[in-house]
Amino acid sequence: MKWYPTIAIERLEVGFGGCVKLEGQQIAVFRYGPEEFYALSNCCPHKKQMVIARGLIGDLAGKPKVACALHKNQFSLETGKCLNTDLSSLKTYQVKLEEGQVCIGLP
């Protein structure tokens, strides 16, 4: 696993996401809580558009989720699984906080 520092923790507000590009991949990074961060593929499997980072985050039965900005398909922030249709899951990435940065692990 190779870890990449991506964004300063203080630059990402609770309840919002952003997008980073690592090794040619667009990755959506979300701050769900003060110390709770998630990273998923930014590409929605519905129309193959890079919009997940602009999605609305919230929860479903207490579990964190994001709704695609275009068609509101919902994905688990923890597993990437689509929660409301039979769309493919989003790829998830490991996240750790280190030296004030959100770091994402790539194999």
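Since every read-out is calculated from the coordinates, none of them should be taken as a lab result. Computed from a predicted structure; not experimentally measured. Positions of Cβ are backbone-derived with ideal geometry, glycine not excepted, and every protein chain shown enters the neighbour counts.
What the table shows:
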read-out: Backbone HN-Hα couplings from phi across region 93-105 [Karplus 6.51/-1.76/1.60, Hz, Gly and Pro as x]; value: 10, 6, 10, 9, 9, 8, 6, x, 10, 8, 10, 10, x
read-out: Difference of contour (0.36 nm per residue) and Cα-Cα distance, residue 49 to residue 14; value: 10.2 nm
read-out: Within a Gaussian network of the chain (alpha carbon springs, distance under 10 Å), most fluctuating of 18, 62, 33; value: 62
read-out: Highest-MSF residue in the chain out of 84, 42, 73 [GNM, Cα springs under 10 Å]; value: 84
read-out: Chain lengthening between residue 23 and residue 35 when straightened (0.36 nm per residue, less Cα-Cα); value: 1.8 nm
read-out: Leading residue at positive end of dipole, region 1-97 (Cβ point charges), from 73, 33, 58; value: 73
read-out: Long-range lysine pairs (8 or more apart or interchain), region 2-106, Cα under 16 Å; value: 13
read-out: Long-range amide H partners of residue 65 with built H, under 5 Å; value: 58, 59, 60, 77
read-out: For residue 16, distant residues with modelled amide H under 5 Å away; value: 31
read-out: Calculated from backbone phi, Karplus (6.51, -1.76, 1.60) coupling profile of region 59-72 in Hz, x at Gly/Pro; value: 9, 10, 6, x, 9, x, 8, 10, 9, 3, 5, 8, 10, 6
read-out: DSSP loop GluC sites (Glu not before Pro) with at most 15 other Cβ within 10 Å excluded, longest remaining stretch of the chain; value: 36-77
read-out: Region 1-79 pair-distance distribution - Cα-Cα, 10 Å bins, rounded %; value: 19, 53, 26, 1
read-out: Sites residue 70 and residue 101, calculated FRET efficiency, Cβ-Cβ separation with R0 41 Å, nearest 0.05; value: 0.85
read-out: Cβ charges +1 (Lys, Arg) and -1 (Asp, Glu), total dipole of the chain, debye; value: 460
read-out: Net charge over other residues, Cβ less than 10 angstrom from the Cβ of residue 3 (K, R count +1; D, E count -1); value: +1
